[in-house]
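A.B. asks: Handing you a structure now.
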Amino acid sequence: MKQIMLFFLFFLMTSQTAYAEFDIQYAIDQAKAGDSIHIPAGRYQGNFTVKKPIKLYGQKGTELYAQNDEPVLKIEHVSNVSIENIRITAKNKGIVANEADNLELRAIELKDIRVGIHLQQSRHIRILENRIIGNESHFAEKGNGIAVFKSEDVVIDQNTIEQVQDGIYAEEGTRIDVQRNKVTNSRYGTHFMYSSNVKVLFNTYLQNVTGLMVMMTTNLEISSNTISAHNGFNSYGLMMYDTQEAMVRENSFLHNRVGVALQKSSVIQIQENRFQMNQTALEGTKVDERSIIMNNQFTGNILTARSDNRGLRLIHNFYDDYTGLDVTGDGFGDIPYVAVSSFGQWMVRQPVYQFFVASPSVVILTSLDQQINKTERNLMVDNEPKLLSNMKEIEFSLNILQLVIGFIVFMGSLWLWKRGIRV
């Protein structure tokens with residue numbers, strides 16, 4: 001029996017995997033570089049610190065909760081750390097990483113916290129498949145779901161975040177990729193400040209105060225996101241302030257108070273997006289002439305666009321309220337589309353006016369707007385509006401496909417019936 005016990009102890013000491021059943025910090029301190037610590041299921045109270053390159057894996061049911069207001073888990077001045085499959089509960093901060101390199105945080109649930117994950121001065125970070133849930137307090141008392149400060153090469157992918165101040169916040173970051181995340185019921189879904197080389201791809205922002213807030217940021221791509229139901233008094237789907245060199249492409253802006261707002265921005269390309277059922281689709285103030293709005297679809301919006309005296313450059317967009325014809329057959333209208341509507345401006349301020357949208361007086365007013373503003377140079381005019389949106393083309397193709405499938409099924413059923421087989 002004694003020999004068996006000695007063999008078992010020898011196996012534990014020489015194995016590359018360190019097992020910590022009760023004392024997590026002791027296991028971390030005793031582990032060697034490159035070791036893996038498998039934490040058994042259970043609740044562990046404390047404030048744990050990682051300062052060496054190791055991996056922490058939690059079994060199903062592993063939970064760490066804070067002993068005080070300090071972070072549950074600190075990762076400091078270290079490279080090659082991986083944390084996976086752990087639940088964390090904290091009054092203040094869940095995970096804090098300072099000067100970390102090659103850090104991966106995966107499948108971690110942070111619940112009822114003020115700040116989920118806080119990074120600063122770190123590089124080559126992967127934050128993947130985590131779930132972060134804040135609390136019911138006011139936004140002023142909340143922290144951010146994922147906060148990134150002065151860091152570079154950060155990938156934030158497939159996280160679910162709700163009830164925090166800003167779902168994802170990045171300040172003075174570079175090469176930040178935010179993709180396939182879902183942020184709901186927060187102040188800003190994603191918020192960038194003083195950052196560069198940023199990508200925001202395939203995310204879902206739903207029922208926040210504002211979906212995306214971008215300030216003093218350069219070299220930005222926002223593509224293939226769904227940004228919906230941001231319709232409070234000061235809400236925006238996407239707000240860009242003092243932003244340069246941005247591509248906004250193939251996004252869906254649905255049911256927002258303002259779909260996209262640009263302020264003091266330059267070289268902004270807004271292309272191939274869908275603006276549907278917003279109060280105002282586009283809003284611009286101090287937008288330079290190098291910024292264009294091209295090949296977008298505007299359907300069901302109360303107001304297509306409004307701007308200051310600089311206007312917005314509209315090129316080849318589809319508008320569901322365009323009344324012109326295509327005499328030449330080139331797919332573009334023969335008269336310009338004027339995106340100025342006096343009644344639309346009033347309707348945005350007083351939504352109750354929408355009940356009069358089809359009244360004769362409003363039709364006359366809109367017609368007068370079109371005629372009077374058509375010759376103005378600095379207003380929002382699309383000289384060649386599209387007459388068929390890509391969305392309608394897709395719907396048409398789907399209808400044809402459904403018709404063909406239905407015909408094949410009908411003929412097959414008829415053939416079987418003739419052979420005396422019940423279908």
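A.B. asks: Filter region 167-211 down to the residues that are assigned to a loop (DSSP other than H, G, I, E, B) and open to solvent by less than 40 Å² (accessible area, probe 1.4 Å), then identify the one that is nearest to residue 257 (Cα to Cα).
C.D. replies: Restricting to residues being assigned to a loop (DSSP other than H, G, I, E, B) and open to solvent by less than 40 Å² (accessible area, probe 1.4 Å), the top hit is 208.
A.B. asks: If you don't mind, another one. Which condition from (1) within 19 Å of residue 229 (Cβ to Cβ); (2) not assigned by TED's automatic domain parsing to the domain that holds residue 116 is the one that residue 217 breaks?
C.D. replies: (1)
A.B. asks: Condition first: under 15 Å from the mean Cα position of the chain (by Cα) and closer than 19 Å to residue 92 by Cβ. Can you find one or more residues in region 173-180 that meet it?
C.D. replies: no
A.B. asks: For residue 142, work out the one condition from (1) at pLDDT 95 or above; (2) open to solvent by less than 40 Å² (accessible area, probe 1.4 Å) it doesn't fulfil.
C.D. replies: Condition not satisfied by residue 142: (1).
A.B. asks: Residues of region 270-293 being open to solvent by 10 Å² or more (accessible area, probe 1.4 Å) and under 22 Å from the mean Cα position of the chain (by Cα), which ones?
C.D. replies: Listed by number, the residues that qualify are 271, 272, 274, 276, 277, 279, 283.
A.B. asks: Which residue pairs have Cβ atoms closer than 7 Å, lie 6 or more positions apart in sequence or on different chains, and pair a first residue in region 97-123 that is under 18 Å from residue 52 (Cβ atoms) with a second residue that is basic (Lys, Arg) and assigned to a strand (DSSP E or B)?
C.D. replies: Partner pairs satisfying both residue conditions: 101/123; 104/126.
A.B. asks: Now, a different point. Picking from 159, 144, 98, which residue would you name as being over 16 Å from residue 183 (Cβ atoms) and in contact with a strand residue (DSSP E or B) (Cβ under 7 Å, 6 or more places away or on another chain)?
C.D. replies: Only one candidate qualifies: 98.
A.B. asks: From the list 190, 174, which one is outside the structural domain of residue 234 (by TED's automatic domain parsing), without any contact (Cβ under 8 Å) to a residue 40 or more places away in the chain and within 15 Å of residue 226 (Cα to Cα)?
C.D. replies: Residue meeting the stated conditions: 190.
A.B. asks: Mind listing just one residue for me: the one in region 145-166 that is under 18 Å from residue 75 (Cβ atoms) and in a loop (DSSP other than H, G, I, E, B) and, of those, most open to solvent (accessible area, probe 1.4 Å)? Write out each step before concluding.
C.D. replies: If we filter region 145-166 for residues that are under 18 Å from residue 75 (Cβ atoms), which is where we start, we get 145-156, 159.
Still in the running and in a loop (DSSP other than H, G, I, E, B): 145, 150-151, 159.
Numbers: 145: 0, 150: 116, 151: 4, 159: 2 Å².
Going through the qualifying residues, I end up with 150.
A.B. asks: So which of 306, 310 ends up being assigned to a strand (DSSP E or B), at negative phi and not aliphatic (A, V, I, L, M)?
C.D. replies: Exactly one residue qualifies, and that residue is 306.
A.B. asks: Cβ-Cβ below 8 Å, separation at least six or inter-chain, first residue in region 249-264 and of a type in the set (Phe, Trp, Tyr), second open to solvent by 10 Å² or more (accessible area, probe 1.4 Å): which pairs?
C.D. replies: 253/228; 253/274; 253/276
A.B. asks: For region 41-99, please list each of the strands (runs of 3 or more DSSP E) lying entirely inside it that holds at least 1 residues being among the polar types (S, T, N, Q) and open to solvent by 30 Å² or more (accessible area, probe 1.4 Å).
C.D. replies: 42-45, 48-50, 73-84, 87-89
A.B. asks: On the basis of being in contact with a strand residue (DSSP E or B) (Cβ under 8 Å, 6 or more places away or on another chain), of a type outside the set (Ser, Thr, Tyr) and either within 18 Å of residue 25 (Cβ to Cβ) or open to solvent by 20 Å² or more (accessible area, probe 1.4 Å) (or both), does residue 116 make the cut?
C.D. replies: no
The values are calculated or read from the model by the stated rules, or taken from the named source; none is laboratory data. Note that the structure is predicted; figures quoted are calculated from it, not measured. Cβ: placed from backbone, ideal geometry, glycine included. Neighbour counts: every protein chain shown. Surface areas here come from the heavy atoms of the whole protein model, side chains and all, with no ligands, DNA or RNA. Shrake-Rupley method; radii C 1.70, N 1.55, O 1.52, S 1.80 Å.
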